Amino acid sequence: MPLRLALRGLAGRAGREGPGGGSMPRRSWRFAVPIVLNHTIVPARDKAVSAQFFAAIFDLPVGAPAGPFLPVAVNRDLTFDFAEPGAFEPHHYAFFVDEATFEAALGRLRERGATIGSGPYTGWDGQVDRSDGGQRVYVRDPDGHSYELFTRL
């Protein structure tokens, strides 16, 4: 689902305070700007190993190589392009998913013996965080990246 940002009625009546604290102009405008993350590059020591690990979490296929990248289509809008850039720092990627997707992914992770944890401050404790009425789990991939899956915003 694309992320949509909308600015509505920010400029309405003269004298109305704007986001910066000043008075806003006397006009009314309304528009929506769709913002869709199309792809991101995920650095890896071995792009095939990392792409397969990531794809297995969500039961996705790994695509054919595209230049220096090994793509995994996350959905119709987003592709993770795994690459081998040399030295890199681990990254964090978070995914809001429904309960069925969460349970299926968690089952696959447990079958693989993946390193999981309930939160950034609890370490890789092998647990799922259910403290907010939803579920949340962090997964460490072979390159040290953490993937977060959660069911409640």
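Since every read-out is calculated from the coordinates, none of them should be taken as a lab result. Every value quoted in this text rests on a predicted model; they were computed, and no experiment measured them. Using ideal geometry, Cβ is built from the backbone for each residue, glycine included, and neighbour counts are taken over all protein chains shown.
Rounded, prolate or oblate: pick one for region 38-150, where a ≥ b ≥ c are the square roots of the eigenvalues of its C-alpha gyration tensor, a/c under 1.5 means rounded, and failing that, prolate if a/b is larger than b/c, else oblate. All intermediate terms of the calculation are to be shown ahead of the outcome.
Working: a/c = 1.99, a/b = 1.53, b/c = 1.30.
Prolate shape, in that a/c is at least 1.5 and a/b is the bigger ratio.
What number comes out for the charge environment of Phe80, summing +1 per Lys or Arg and -1 per Asp or Glu over other residues with Cβ under 13 Å away?
With Lys, Arg at +1 and Asp, Glu at -1, the neighbours total -3.
Could you order peptides 121-127, 80-86 by the average number of other Cβ atoms within 10 Å of their residues, highest first? It would help to have the intermediate numbers written out before the result.
Numbers: 121-127: 11.9, 80-86: 17.1.
Highest to lowest by the protection proxy: 80-86, 121-127.
For region 48-134, which trypsin sites (Lys or Arg not before Pro) pass both filters: DSSP loop (anything but H, G, I, E, B) and at most 13 other C-beta atoms within 10 Å?
Sites meeting the loop and neighbour criteria: Arg76, Arg130.
Charges at C-beta only: +1 for Lys and Arg, -1 for Asp and Glu. How large is the resulting dipole of region 38-150 about its Cα centre, in Debye rounded to 20?
Magnitude of the dipole: close to 180 debye.
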